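The values are calculated or read from the model by the stated rules, or taken from the named source; none is laboratory data. As the structure is a computational prediction, the values presented were derived from the model and not from experiment. Reconstructed Cβ throughout: ideal geometry from the backbone, glycine too, with neighbour counts over all protein chains shown. SASA here: full protein model, heavy atoms, side chains in, ligands and nucleic acids out. Shrake-Rupley method; radii C 1.70, N 1.55, O 1.52, S 1.80 Å.
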Amino acid sequence: MRHFEIQLDVLRSRLLEMGGLVETAIHRSVLAVIRRDEEEARRVLLNEARINQMEIENDDLAINLLATEQPVASDLRFLTAGLRINNDLERLGDLAINIVERALTLLRSPETRPLVDLPEMANLAESMVHRSLDAFVKKDAALARSVLASDDSVDERCAEIYHDLTAVMQREPSRIPECVAFMFVAHNLERIADHATNIAEDVLFLVQGVDVRHHAEAKQPA
Amino acid sequence: MGATSDAETICPTGKTISSEPQGPLPATAAKISVRHLNFFYSRRQVLYDIGLDIPEKKITALIGPSGCGKSTFLRTLNRMFETVPYTRVEGEVKLDGEDIFGMSVVDLRRRVGMVFQKSNPFPKSIFDNVAFGARVNGLKNRDKLREVVETSLRRAALWDEVKDSLRKSAYSLSGGQQQRLCIARALAVDPEVILLDEPCSALDPIATAKIEDLLFDLVGSCTIIIVTHNMQQAARVADQTGFFLLGRLIEFDKTEVMFKNPSRKETEDYISGRFG
């Protein structure tokens, strides 16, 4: 195997490792909210620096390979998609941190009955992240397209949660701070789904060479 | 192996490829049309059933590993192969719809100029090198000759560097300047097509960049076909690229498609350095 191919494999492995860390961070951040689990929240905070460091190192490796190997065709698509996925993974890590910060806020308020069905939305968003990374590993375009199809469902759940929380705030003004925290969590989950969608779009570019961002595919001449 | 239609052939990997023009038809008119072109050195066949359309006033790059037939193909386009004994060609090559094998070779080579891998200035002055073709064509008027030389050297982006030393030997120029002089010499007879056979292979990156910029300037007035081993050069300069392998045209498409998302695995493997 050529040196370049070995380096591409290194980058692929590192992105997958980073993806694993990010998936875990998201899952733990959601548990921290739903179970009011401070230990899970702390673990997410501890892993943030590692994710950030990996983003820098992966960027460095990809840019070096672009500069020195002048890749073309699928290698070029892998490196450009890899750079974007790397950035999306780091943002996903940040969003997990945002959720954890809301979890810590909620921990300071008295424990009450669940306000909204956050676990269902979280499951959908987490599934999208998992499937987008799975599609990256398997170079599976169909799986990537299934992620794109899920984004609207997450948006709908988010809108429902906003609606429900607004009703609670009108009924029980004393619970406004708690409701606002949940709204932020829902917003961050919605953003997580958006980044999973970005990753799936990059997988389609990698596998099929098509650009589906912003419905670009439909705009291209047949 | 099943029978193939008249318009199809089997490539070395066993896949069926069409001998009709590869890739999408050019949006602009075809300057050169090639159909069912076969080429032989004695009994050895080196080109197999080539079919493609070279669009007018565009840059077309031909790539492929050594010995794949790309330079031989280039040399069929102005019948330069006829200088080599025991060569034979079959098939059709048309320039603006006219069969090149039926026209005068002198007329063909005036319309289809060529620049070679190694710069080959004549042992004459810079001026006489550029004026050579025009003189052969019967131009004797000194003022007219001077005008042809200046115009050609300007088009070849060499005028500013040599305007004060036109009577010096062409051999006094650097390698990159000599190559641009050869391009100026080709331009002096106002060709419609310029064939370039690895014109930058012996040049440093600065001289290479000058030649590439020159191609961009020239393509507004003539059709350019360049054979290159430098993948990045093809990617930088060409509007469309053809990939040759073992004497066959494997893929011919827009350059951005060839380098971003080629449709043939052989192309992908070659341009990404996995063989060849």
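Structure notes:
- Remark: pairs (first residue in the range B:107-127, closer than 20 Å to B:Asp190 by Cβ; second residue surrounded by 14 or more Cβ atoms within 10 Å (Cβ to Cβ) and hydroxyl-bearing (Ser, Thr, Tyr); Cβ separation under 8 Å; 6+ apart in sequence or on different chains) = B:Ile126/B:Ser169.
- Considering residues of the range A:79-96 that are open to solvent by 10 Å² or more (accessible area, probe 1.4 Å) and of a type outside the set (Asp, Glu) only, the residue farthest from the other protein chains (Cβ to nearest Cβ): A:Arg91
- Residue identified as in a helix (DSSP H, G or I), among the charged types (D, E, K, R) and open to solvent by less than 30 Å² (accessible area, probe 1.4 Å) among A:Glu160, A:Glu190, A:Glu178, A:Glu156: A:Glu178
- Residue pairs whose Cβ atoms lie under 6 Å apart, separated by 6 or more positions or on different chains, with the first residue in the range B:183-206 and without any contact (Cβ under 8 Å) to a residue 60 or more places away in the chain and the second β-branched (Val, Ile, Thr), are B:Ala184/B:Val130; B:Ala188/B:Val130; B:Ala188/B:Val148; B:Cys200/B:Thr208; B:Cys200/B:Ile211.
- Residues within the range B:53-71 that are assigned to a strand (DSSP E or B) and in contact with a Lys or Arg (Cβ under 9 Å, 6 or more places away or on another chain), tallied: 5
- The residue list A:Leu107, A:Leu124, A:Leu76 contains one member that is within 14 Å of another protein chain (Cβ to nearest Cβ), open to solvent by 10 Å² or more (accessible area, probe 1.4 Å) and either closer than 22 Å to A:Val210 by Cβ or in contact (Cβ under 8 Å) with a residue 40 or more places away in the chain (or both), which is A:Leu76.
- The range B:88-108: number of residues that are under 14 Å from B:Asn38 (Cα atoms), surrounded by 17 or more Cβ atoms within 10 Å (Cβ to Cβ) and not aliphatic (A, V, I, L, M): 1
- Selection count, the range B:77-87, where residues are open to solvent by less than 80 Å² (accessible area, probe 1.4 Å) and either part of a helix (DSSP H, G or I) or among the aromatic types (Phe, Trp, Tyr) (or both): 2
- Residue selected from the range A:62-73 under the condition more than 23 Å from the chain's Cα centre (by Cα) and buried (at least 17 other Cβ atoms within 10 Å of the Cβ), by the criterion farthest from the other protein chains (Cβ to nearest Cβ): A:Leu65
- Restricting attention to the range B:1-40, the residues that are modelled with pLDDT under 95, assigned to a strand (DSSP E or B) and over 14 Å from B:Gln240 (Cβ atoms) add up to 6.
- Pair list, Cβ < 7 Å and 6+ apart or interchain, from the range A:19-36 residues that are among the acidic types (Asp, Glu) to residues that are open to solvent by 20 Å² or more (accessible area, probe 1.4 Å): A:Glu23/A:His130
- Filter result (basic (Lys, Arg) and in contact (Cβ under 8 Å) with a residue 12 or more places away in the chain) within the range B:28-59: B:Lys31, B:Arg35, B:Lys57, B:Lys58
- Only one of the numbered conditions (1) part of a helix (DSSP H, G or I); (2) over 14 Å from the mean Cα position of the chain (by Cα); (3) aliphatic (A, V, I, L, M) is violated by B:Leu74, and that is (2).
- Contacts under 8 angstrom Cβ, first residue in the range A:148-170 being among the aromatic types (Phe, Trp, Tyr), partner surrounded by 12 or more Cβ atoms within 10 Å (Cβ to Cβ), 6 or more apart: A:Tyr162/A:Met183; A:Tyr162/A:Ala186
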